[in-house]
């Protein structure tokens, strides 16, 4: 396990209708709030680099805004093409009011 990095407070991630882009440890990470639980995946779609934090949400899936690939925000798994591989997911935890991600 790596080192958790604070990316914000719970208030900053309330009422998200899509993801939110954060930079953590030099990586671009998309954060999602699903019913008060936080999930983090790489922000860059492996197909053509689309920004997943800007994608539409459908349950626990995010739809890449560029070409429509779908990814599970809990696991990073690719669910539909044109992307052929998933994205990395990162552990997220809440400590007090702080939201932290482990990008290792």
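The values are calculated or read from the model by the stated rules, or taken from the named source; none is laboratory data. Quantities reported herein were computed from a predicted structural model and do not represent experimental measurements. FYI the Cβ positions are ideal-geometry reconstructions off the backbone, even for glycines, and counts take in every protein chain you see.
Among the residues of the range 59-74, is any within 20 Å of residue 2 (Cα to Cα) and buried (at least 16 other Cβ atoms within 10 Å of the Cβ)? No - not one qualifying residue is present in the range 59-74. Filtered by the rule that a residue be surrounded by 13 or more Cβ atoms within 10 Å (Cβ to Cβ) and either touching a helix residue (DSSP H, G or I) at 6+ places or on another chain (Cβ under 6 Å) or closer than 16 Å to residue 55 by Cβ (or both), the range 89-98 gives a lone residue, 89. When you go through (1) over 11 Å from the mean Cα position of the chain (by Cα); (2) within 17 Å of residue 8 (Cβ to Cβ) one by one for residue 19, which number turns out not to apply? It is condition (1) that residue 19 fails. When the residues of the range 26-42 are filtered to those that are more than 17 Å from residue 72 (Cα to Cα) and exposed (fewer than 15 other Cβ atoms within 10 Å of the Cβ), the one that is modelled with the highest pLDDT is 28.
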